[in-house]
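Before any comments, here is the structure.
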Ligand SMILES: [Zn+2]
C-alpha cells in the first residue's frame with residue numbers, strides 16, 4: 001500500500017498563504033443604497049473594492065493540509081500579499097446545501113429554519129448585506145450544480161440566488177470531462193470580478209470550486225496513480241467490475257464506486273485498513289490534482305489580476321471548505337462505514353480549511369473573537385459576521401449571535417440526520433438513535449479512529465440526550 005508521509009500537526013495550516021479568486025456570470029446587483037451623508041470619501045476609500053467568498057466544495061482540513069493547498073495559495077500570492085490559513089474551522093453542516101444556507105443566511109441557524117437545506121429567501125444573504133454596504137454588484141459562479149435548484153426556490157425574491165442563476169451546468173461523469181475550464185462558472189466568475197476591478201467598480205463574488213478535496217468522481221485523470229490502480233484491481237478481483245473494463249471508465253461510474261464501498265464494508269479489519277489508506281490517498285491525490293490544474297491557477301489568476309488592476313490592497317478573499325470527505329471510516333457511534341461525505345458530521349467532514357487574504361483581515365477578525373488561529377474550534381458561520389464588519393456594514397438584527405470561539409455546531413437533517421456539538425477538544429455526536437462523546441482532534445492519516453471521551457465534559461452534558469438534534473430537525 002502507498003501511504004504518504006503526513007505532517008502530524010495541523011498547525012502548519014496556520015502559515016501565511018497567498019490568495020486568488022474570480023467570479024462568474026451575474027451582473028444584477030442589489031439596488032444601490034444611497035450613500036450616507038456622514039460617510040466621508042476617505043472612509044469609502046478604506047473599504048474593500050473587491051470581496052470574494054470562495055467555496056472549495058468538498059475539502060476537509062486534513063486533506064487540504066496533506067495536499068499542500070495552503071502552500072499553493074502562498075506561492076500564487078508571492079510578492080503580492082500574505083494569506084492566513086486558519087486551523088480549527090468547523091462547517092455548520094456536512095452537505096453542500098445545508099452548509100451554504102447557513103453560511104450565507106445566518107438566520108438559518110435559529111428557529112424553524114435550522115432544518116432547511118435551502119434558503120427561504122426572506123432575509124438578505126451576507127452577499128446582499130456586503131454588496132449594499134459597498135454599493136457593489138454581485139457575481140455568482142458555481143461549478144456545483146446543486147445551486148441550479150435555488151433560483152427556483154427564490155424566484156421573484158431579491159437574493160443572490162435569483163440574481164445570479166447560471167446556465168444549467170449538469171454534472172455527471174461525462175460532462176465533468178467535456179466542460180473546459182474556460183467555460184466553467186467558477187472561472188467565469190473570476191473573470192467577471194477582474195473586469196469590475198479593472199474598471200474600479202465594487203464587486204462582491206461567490207465562487208464555487210467543485211470536487212477539490214475528493215468528491216467523486218476521483219482518479220479518472222490519473223487511473224495509474226498507485227492507490228487508484230490498486231482500488232480498481234480490488235473492484236475487478238471482487239467482481240464488481242469486469243476484468244476487461246477500463247479503469248478510467250470505472251472511476252467515472254459512481255454506481256460502480258458504490259459497489260466497491262460495499263466490498264470494503266465486508267472486508268476484514270486488516271484488509272479494510274489497507275483499503276482505507278488507499279481511499280485516503282485518492283483523496284489527497286485529488287487535492288493535489290485540482291490544486292495544480294484548477295484551484296491553484298484560479299487563485300493565481302485572481303490575485304495576480306487584482307494586483308495588475310492596482311486593487312490588491314483593496315481586496316478581500318476568503319477561501320473555505322464547505323465540508324470534507326471521509327476515506328472509509330467506521331464511526332464508533334453507529335458502526336456505519338463512511339467513504340464519502342454524508343449526514344453525520346465527523347472530524348473528517350466538519351473540520352474544514354479556511355484561507356484569508358490579506359492575512360491582516362484574519363488578524364482583525366481574531367481580535368474581534370470571530371475566528372481563531374491557535375487550533376481552537378470556531379464556526380465558519382462566523383465568516384458572515386467578519387465580512388460584514390470588514391466592509392463597515394450593518395449586521396441585520398435578526399441574525400443570531402456569532403458562535404463563540406472554542407465552540408461549534410454542525411448538523412444535517414433529513415432521513416439520516418446527524419449532529420455534533422464541539423467544545424474545546426471534545427464533541428458530542430448524535431444520530432436519531434443516540435449520542436456519544438468523542439475526541440475532536442484532527443485525524444492523523446486514514447487509520448485514525450475517533451476516540452470516546454469519558455466522562456463527558458460538563459459543558460457538553462446538556463447535548464448528550466440528542467434533544468438538540470431532534471429539536472433542530474423536528475425529528
Ligand atoms: Zn459540498
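Do we find a residue being closer than 19 Å to residue 55 by Cα, at pLDDT below 90, more than 16 Å from the ligand (Cβ to nearest atom) and assigned to a helix (DSSP H, G or I) anywhere in the stretch 168-175?
No: the stretch 168-175 contains no residue that is closer than 19 Å to residue 55 by Cα, at pLDDT below 90, more than 16 Å from the ligand (Cβ to nearest atom) and assigned to a helix (DSSP H, G or I).
Quick one: residue 100 ticks every box in (1) within 13 Å of the ligand (Cβ to nearest atom); (2) modelled with pLDDT of 95 or more; (3) closer than 23 Å to residue 191 by Cα except a single one, so which number is it?
Here residue 100 clears every test but (2).
Would you confirm, using the coordinates I've provided, whether residue 139 is within 16 Å of the ligand (Cβ to nearest atom), modelled with pLDDT under 90 and within 21 Å of the chain's Cα centre (by Cα)? Working first, answer last.
Working: within 16 Å of the ligand (Cβ to nearest atom): no; modelled with pLDDT under 90: yes; within 21 Å of the chain's Cα centre (by Cα): yes.
The answer is no for residue 139.
Here is a yes/no grid of residues against (1) crowded, with 22+ Cβ neighbours inside 10 Å; (2) over 26 Å from residue 51 (Cβ atoms); (3) within 18 Å of the chain's Cα centre (by Cα); (4) within 16 Å of the ligand (Cβ to nearest atom):
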{"position": "379", "(1), (2), (3), (4)": "yes, no, yes, no"}
{"position": "384", "(1), (2), (3), (4)": "yes, no, yes, no"}
{"position": "399", "(1), (2), (3), (4)": "no, no, no, no"}
{"position": "404", "(1), (2), (3), (4)": "no, no, no, no"}
{"position": "427", "(1), (2), (3), (4)": "yes, yes, no, no"}
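Could you grab me the full set of residues in the stretch 117-143 that are surrounded by fewer than 23 Cβ atoms within 10 Å (Cβ to Cβ) and free of Cβ contacts under 8 Å to residues at least 60 places away in the same chain?
Selection gives 118, 120, 121, 122.
Condition first: closer than 30 Å to residue 388 by Cα and more than 16 Å from the ligand (Cβ to nearest atom). Can you find one or more residues in the stretch 205-223 that meet it?
Yes, the stretch 205-223 contains at least one residue that is closer than 30 Å to residue 388 by Cα and more than 16 Å from the ligand (Cβ to nearest atom).
For the stretch 215-261, how many residues are farther than 13 Å from residue 281 by Cα and not in a loop (DSSP other than H, G, I, E, B)?
Qualifying residue count, the stretch 215-261: 19.
So if I check each of 320, 299, which one is at negative phi, assigned to a helix (DSSP H, G or I), in contact with a strand residue (DSSP E or B) (Cβ under 8 Å, 6 or more places away or on another chain) and at pLDDT 95 or above? Steps first, answer last, please.
Working: 320 fails: assigned to a helix (DSSP H, G or I).
Exactly one of 320, 299 is at negative phi, assigned to a helix (DSSP H, G or I), in contact with a strand residue (DSSP E or B) (Cβ under 8 Å, 6 or more places away or on another chain) and at pLDDT 95 or above, namely 299.
Hey, could you check the stretch 71-97 for residues that are surrounded by 24 or more Cβ atoms within 10 Å (Cβ to Cβ) and more than 19 Å from the chain's Cα centre (by Cα) and say which is nearest to the ligand (Cβ to nearest atom)?
Looking at residues that are surrounded by 24 or more Cβ atoms within 10 Å (Cβ to Cβ) and more than 19 Å from the chain's Cα centre (by Cα), I get 76.
Which of the strands (runs of 3 or more DSSP E) contained wholly in the stretch 360-470 include at least 2 residues that are touching a helix residue (DSSP H, G or I) at 6+ places or on another chain (Cβ under 6 Å) and either in contact (Cβ under 8 Å) with a residue 12 or more places away in the chain or within 17 Å of residue 345 (Cα to Cα) (or both)?
Numbers: elements: 407-412, 418-423, 426-431, 434-439.
Those strands (runs of 3 or more DSSP E) span 407-412, 418-423, 426-431.
Can you name the number of the only condition in (1) in contact (Cβ under 8 Å) with a residue 40 or more places away in the chain; (2) assigned to a loop (DSSP other than H, G, I, E, B); (3) away from the ligand (no atom under 16 Å from the Cβ); (4) under 21 Å from residue 291 (Cβ atoms) that residue 188 fails?
(2)
Determine whether the stretch 192-204 contains at least one residue that is crowded, with 21+ Cβ neighbours inside 10 Å, touching a helix residue (DSSP H, G or I) at 6+ places or on another chain (Cβ under 8 Å) and at positive phi.
Looking only at the stretch 192-204, we keep the residues that are crowded, with 21+ Cβ neighbours inside 10 Å, and these are 192-194, 196-197, 202-204.
Pick out the ones that are also touching a helix residue (DSSP H, G or I) at 6+ places or on another chain (Cβ under 8 Å) and you get 193-194, 197, 202-204.
Applying the additional criterion that residues be at positive phi yields none.
Within the stretch 192-204, none of the residues are crowded, with 21+ Cβ neighbours inside 10 Å, touching a helix residue (DSSP H, G or I) at 6+ places or on another chain (Cβ under 8 Å) and at positive phi.
Out of (1) over 28 Å from residue 385 (Cβ atoms); (2) in contact (Cβ under 8 Å) with a residue 12 or more places away in the chain; (3) away from the ligand (no atom under 16 Å from the Cβ), the odd one out for residue 270 is which?
Unmet for residue 270, out of (1) over 28 Å from residue 385 (Cβ atoms); (2) in contact (Cβ under 8 Å) with a residue 12 or more places away in the chain; (3) away from the ligand (no atom under 16 Å from the Cβ): (2).
The values are calculated or read from the model by the stated rules, or taken from the named source; none is laboratory data. Remember, predicted model here, so these are calculated numbers, not experimental data. In this analysis, Cβ positions are derived from the backbone assuming ideal geometry, glycine residues included, and neighbour counts consider all displayed protein chains.
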